[in-house]
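**Student:** Next up is a structure, given as structure tokens.
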């Protein structure tokens, strides 16, 4: 299975600022995903990122708040913009490996003060 | 709409005891079902999956799950718990038959006592 790394592993940010999270995969993958895991909650899909096309956002998530880049088949970034305390969560990226399996990175733990 | 219900947010067992984590789903299409485990401060690790074929699926670390269509269930079991099994477990269903759009349950925290 793919090995996925994320940077930073954790951060504490002030409200109103932005943070860019990086996701690096050790092999080329077509589909990457970004999830949010709020404290004590399950995972919620933010968006799907395919190389060479705009990210597809799920209901309740917008590009202005969570811009995503996917410059190549091994890398993606998620930016959390104009942060508020409600954005405090773990953000995880995942990749799809045939057949049907998603593999997850270790997550980025974000605290907004 | 597809959904996943995990009965019991916390399950406690003794080391060596049977582990049973419950998952029920609703899906308008034949479901693809997954169990993931999350150890503290780590990402999710795929335990096992059901797509088609044999309804009893075996995964890593001695876990297995049985797809029961009549009961819309996909419960996770392990015959003998080990201390290292203590973690959070998530059941997920795919909204399509490509495994891309996953809906997760709220998770069950498994505690194992000696």
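**Student:** Please return the ranges of strands (runs of 3 or more DSSP E) entirely within the stretch A:29-113 where 1 or more residues are more than 26 Å from residue B:89 (Cβ to Cβ) and modelled with pLDDT of 95 or more. Can you show your working first?
**Tutor:** Details: elements: A:31-37, A:43-50, A:68-72, A:75-80, A:89-97, A:101-104, A:108-112.
The qualifying strands (runs of 3 or more DSSP E) are A:68-72, A:75-80, A:108-112.
**Student:** Quick check, is residue A:44 in contact with a strand residue (DSSP E or B) (Cβ under 6 Å, 6 or more places away or on another chain) and within 10 Å of chain B (Cβ to nearest Cβ)?
**Tutor:** Working: in contact with a strand residue (DSSP E or B) (Cβ under 6 Å, 6 or more places away or on another chain): yes; within 10 Å of chain B (Cβ to nearest Cβ): yes.
So residue A:44 fits the description; yes.
**Student:** Sticking with this structure for a sec: Among the residues of the stretch B:11-33, which ones are modelled with pLDDT of 95 or more and in a strand (DSSP E or B)?
**Tutor:** Hits for the stretch B:11-33 are B:11, B:12, B:13, B:14, B:19, B:20, B:21, B:22, B:23, B:24.
**Student:** Follow-up. Can you name the residue in the stretch A:1-17 that is within 14 Å of chain B (Cβ to nearest Cβ) and closer than 15 Å to residue A:89 by Cα and is also nearest to the chain's Cα centre (by Cα) among such residues? Break it down stepwise before answering.
**Tutor:** Of the residues in the stretch A:1-17, the ones within 14 Å of chain B (Cβ to nearest Cβ) are A:1-10.
Narrowing the set further to residues that are closer than 15 Å to residue A:89 by Cα leaves A:6-10.
On the way: A:6: 9, A:7: 10, A:8: 12, A:9: 12, A:10: 13 Å.
The residue in question is A:6.
**Student:** Please tell me if residue B:92 is part of a loop (DSSP other than H, G, I, E, B) and at pLDDT 90 or above.
**Tutor:** The answer is no for residue B:92.
**Student:** Would you say residue B:47 is in contact with a strand residue (DSSP E or B) (Cβ under 6 Å, 6 or more places away or on another chain), modelled with pLDDT of 95 or more and part of a strand (DSSP E or B)?
**Tutor:** The answer is yes for residue B:47.
**Student:** Across the stretch A:21-30, which residue is surrounded by the most Cβ atoms within 10 Å (Cβ to Cβ) among those that are touching a residue at least 60 places away in the same chain (Cβ under 8 Å) and under 21 Å from residue A:88 (Cβ atoms)?
**Tutor:** Within the stretch A:21-30, the first condition is being touching a residue at least 60 places away in the same chain (Cβ under 8 Å), and the residues that meet it are A:21, A:23, A:25, A:29-30.
Narrowing the set further to residues that are under 21 Å from residue A:88 (Cβ atoms) leaves A:21, A:23.
Details: A:21: 23, A:23: 26.
Ranking the qualifying residues of the stretch A:21-30, first place goes to A:23.
**Student:** Another question about this same structure. What do you reckon, is residue B:70 assigned to a loop (DSSP other than H, G, I, E, B) and at pLDDT 95 or above? Even if it seems obvious, please write down each step before you answer.
**Tutor:** On the way: assigned to a loop (DSSP other than H, G, I, E, B): yes; at pLDDT 95 or above: no.
Criteria not met by residue B:70.
**Student:** Filter the stretch A:73-101 down to the residues that are more than 16 Å from residue A:13 (Cβ to Cβ) and crowded, with 23+ Cβ neighbours inside 10 Å, then identify the one that is farthest from the other protein chains (Cβ to nearest Cβ).
**Tutor:** A:76
**Student:** Applying the selection to the stretch A:31-55, what residues are over 19 Å from residue B:107 (Cβ atoms), surrounded by 13 or more Cβ atoms within 10 Å (Cβ to Cβ) and more than 12 Å from the chain's Cα centre (by Cα)?
**Tutor:** A:31, A:50, A:51
**Student:** Only one residue in B:39, B:50, B:89 is in contact (Cβ under 8 Å) with a residue 60 or more places away in the chain and either surrounded by 13 or more Cβ atoms within 10 Å (Cβ to Cβ) or under 11 Å from the mean Cα position of the chain (by Cα) (or both), so which one is that?
**Tutor:** That would be B:89, the only listed residue that is in contact (Cβ under 8 Å) with a residue 60 or more places away in the chain and either surrounded by 13 or more Cβ atoms within 10 Å (Cβ to Cβ) or under 11 Å from the mean Cα position of the chain (by Cα) (or both).
**Student:** Mind telling me which of the residues A:61, A:104 ends up being within 13 Å of chain B (Cβ to nearest Cβ) and more than 9 Å from the chain's Cα centre (by Cα)?
**Tutor:** That would be A:104, the only listed residue that is within 13 Å of chain B (Cβ to nearest Cβ) and more than 9 Å from the chain's Cα centre (by Cα).
**Student:** In the stretch B:1-17, is there at least one residue being within 14 Å of another protein chain (Cβ to nearest Cβ), surrounded by 19 or more Cβ atoms within 10 Å (Cβ to Cβ) and touching a strand residue (DSSP E or B) at 6+ places or on another chain (Cβ under 9 Å)?
**Tutor:** The answer is yes, given that some residue of the stretch B:1-17 is within 14 Å of another protein chain (Cβ to nearest Cβ), surrounded by 19 or more Cβ atoms within 10 Å (Cβ to Cβ) and touching a strand residue (DSSP E or B) at 6+ places or on another chain (Cβ under 9 Å).
The values are calculated or read from the model by the stated rules, or taken from the named source; none is laboratory data. Since this is a predicted model, take the numbers as computed values, not measurements. Every residue, glycine among them, receives a Cβ derived from its backbone with ideal geometry; neighbour counts consider all protein chains shown.
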